[in-house]
Amino acid sequence: MGTKELLTKLSEYLDFSNKKKGKYTRELKTLLKQLKRKEKKLIEKCQEKSTEKRKLLKTEIAVLHAKRKKGLKILKQLKQPKPPKQHEG
C-alpha cells in the first residue's frame, strides 16, 4: 500500500463516529504497523540515497511519523476505560 493510501485510511479511522470499537482498534493497530514498516523502509532508503533525494525522504518520514503518533494517541484513548457518567439531581 502506498503512503497516500495509508494516510487516507488513517484519516478515515480517526473519524470514529460510526465504527464499532473492537473492529476499529484491530484495524487501527494493523494500519499503524504498516505505517511503521513504511517509515523504517524510508529510513533505510534515506541512508542510501543522495542528499537531494534524502531531503525528500526525510520530509516524507516526518509526515509518516507524525500521523503514526496521532494514531497511537487515538488508540491509547480508545483502550482507556471511560469513567461512568454521574447524574445530578
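Step by step: first the residues of the range 32-84, then only those that are of a type in the set (S, T, N, Q) and not in a helix (DSSP H, G or I), then the one that is farthest from the chain's Cα centre (by Cα). Which residue is that? Can you show your working first?
First, pick out the residues of the range 32-84 that are of a type in the set (S, T, N, Q): 34, 47, 50-51, 59, 77, 80.
Within this subset, residues satisfying the condition of being not in a helix (DSSP H, G or I) are 50, 80.
Working: 50: 28, 80: 18 Å.
My answer is 50.
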> What pairs come up if the first residue lies in the range 57-71 and is free of Cβ contacts under 8 Å to residues at least 24 places away in the same chain and under 16 Å from residue 2 (Cα atoms), the second is part of a helix (DSSP H, G or I) and not acidic (Asp, Glu), and their beta carbons are under 7 Å apart, counting only those six or more places apart or on different chains?
Replying inline: 57/42; 57/45; 57/46; 61/42; 61/43; 61/46
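Given the criteria outside any helix (DSSP H, G or I) and modelled with pLDDT under 90, does residue 11 qualify? Give the derivation first.
On the way: outside any helix (DSSP H, G or I): no; modelled with pLDDT under 90: yes.
For residue 11, the condition - outside any helix (DSSP H, G or I) and modelled with pLDDT under 90 - is not met.
Collect the residues in the range 16-34 that are at pLDDT 75 or above and loosely packed, with under 10 Cβ neighbours inside 10 Å, keeping them in residue-number order. Spell out the reasoning first.
Looking only at the range 16-34, we keep the residues that are at pLDDT 75 or above, and these are 23-34.
Once the filter is applied, which keeps residues that are at pLDDT 75 or above and loosely packed, with under 10 Cβ neighbours inside 10 Å, the range 16-34 yields only 23.
The values are calculated or read from the model by the stated rules, or taken from the named source; none is laboratory data. As the structure is a prediction and not an experimental result, all values here were calculated from the model. Cβ coordinates were reconstructed from backbone atoms using ideal geometry, including for glycine residues, and neighbour counts include every protein chain displayed.
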